[in-house]
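Each remark here refers to the structure printed beneath this line.
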Amino acid sequence: MFDTNSTFSHSSADCNSRVPQRAKRLCFVPQPDVGEDGTVNIIDIATVATAFGCKPGDERWNPVTDMDMNGILNIIDIANVARNFG
């Protein structure tokens with residue numbers, strides 16, 4: 001398994017500038033537990049919802065919230081996190 005913590009940060013500038021898109025897709029899979037606290041809770045849903053409508057380059061863009069990795073935060077991403085709530 002890849003250690004995503006050493007390769008990727010939560011900074012979109014770092015993630016987008018240092019690693020080709022194909023490589024990111026191969027070794028980075030967003031998890032519904034965005035806050036990495038061991039449970040999917042309202043904080044995770046709120047984190048994704050805060051970035052709603054964002055895309056790479058936007059101030060609020062956060063690549064770990066893009067659950068389907070399509071480059072835009074939409075209702076699908078929020079639903080993916082909400083589906084795993086609890």
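Here are some notes:
- Subset of the stretch 11-60 that is within 19 Å of ASN80 (Cα to Cα) and at pLDDT below 90 - its residue that is surrounded by the most Cβ atoms within 10 Å (Cβ to Cβ): PRO30
- Evaluated against (1) surrounded by fewer than 17 Cβ atoms within 10 Å (Cβ to Cβ); (2) at pLDDT below 90, GLY71 falls short on exactly one condition, (2).
- Subset of the stretch 55-86 [closer than 13 Å to VAL40 by Cα and either assigned to a loop (DSSP other than H, G, I, E, B) or of a type outside the set (S, T, N, Q) (or both)]: ILE78, ALA79, VAL81, ALA82, ARG83, ASN84, PHE85, GLY86
The values are calculated or read from the model by the stated rules, or taken from the named source; none is laboratory data. Just so it is clear, the structure is predicted and the values come from calculations on it, not from any experiment. With ideal geometry, Cβ positions are generated from the backbone for all residues, glycine too; neighbour counts draw on all protein chains shown.
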